[in-house]
Amino acid sequence: MVLPLLVACTPDLPTTVAAPQSYLKVAPAGPSNLINPYDGYGAIRNRILDASLKQLPAQVSDMQVLAIVQEIANGDSDFQSLKTHGYSTLSTTSLQGYMESNLAAATVIEALPLSQNAKANFSLFIEGLLSLQYQDYEAIRDYIVAFESEIVSSKSYSDNEKKIILTVTALERYSTYYRKKPKDKDWDLLIGNIVAGAEGAAHDTATAVLYSVSVEAALHKNL
């Protein structure tokens with residue numbers, strides 16, 4: 001099943017960003033999927049998330065979370081290279097909306113510049129992830145990788161559409177790995193994190209990374 005999602009006007013981005021070797025050696029089924037030319041965006045995301053979580057104090061407001069994530073991201077040269085004129089920061093109001101997971105998913109998907117069929121398929125993709133949220137990491141990774149393989153091989157999408165779709169899947173694949181594999185925390189998949197990355201990708205890749213990290217960091221402080 002090929003699930004088209006996130007058709008948007010996005011400026012040209014780097015063709016490929018390689019994942020750090022440290023991620024590739026953690027486990028046989030690590031987060032990388034080299035068939036996805038945008039795989040490294042997920043690695044950049046996890047690096048910024050990890051650094052941000054180490055900086056969060058015990059008591060922190062959403063505004064402070066956004067400020068810390070933004071500061072860490074701005075200090076990352078790979079992240080900076082992804083910025084285009086479409087780059088957008090995240091407001092506390094939008095962050096809180098993403099954290100209201102069910103509402104955020106319905107609202108964001110409906111607002112995306114997609115056909116109704118694409119919106120329905122994107123919803124199905126999220127539902128598929130949610131159905132696997134209590135499975136082991138490998139099952140979730142296999143689901144995402146299978147989806148990515150179909151997108152890469154499909155002739156039904158433009159290069160720009162594939163770029164955005166595969167950016168979103170890379171972010172979620174690395175996000176799931178961060179929660180499930182190294183730290184063995186039984187966290188639910190975060191719908192708000194998924195749709196934040198999706199809406200961010202409609203701006204540019206840097207925005208997708210920033211939104212995804214910000215939502216997960218904010219949700220983490222409530223765990």
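The values are calculated or read from the model by the stated rules, or taken from the named source; none is laboratory data. All of these numbers come straight from a predicted model, not from anything done at the bench. To get the accessible areas, we keep the full protein, side chains included, count just its heavy atoms, and leave off ligands, DNA and RNA. Shrake-Rupley method; radii C 1.70, N 1.55, O 1.52, S 1.80 Å.
Odds and ends about this structure:
- Span from the region 147-177 Cα centroid across to the region 27-89 one, whole angstrom: 18
- For Asp136, the accessible surface of its heavy atoms amounts to roughly 90 Å² (probe 1.4 Å, protein chains only, rounded to the nearest 10).
- In the full protein context, region 25-156 carries 50 Å² of accessible surface per residue, based on a 1.4 Å probe and ignoring ligands, DNA and RNA.
- Computed over protein heavy atoms with a 1.4 Å probe, the carbon and sulfur contribution to the accessible area of region 64-169 reaches 50%.
- For the pair Leu130 and Ser154 in one chain, pulling the backbone fully straight at 0.36 nm per residue adds 6.2 nm over the alpha carbon distance.
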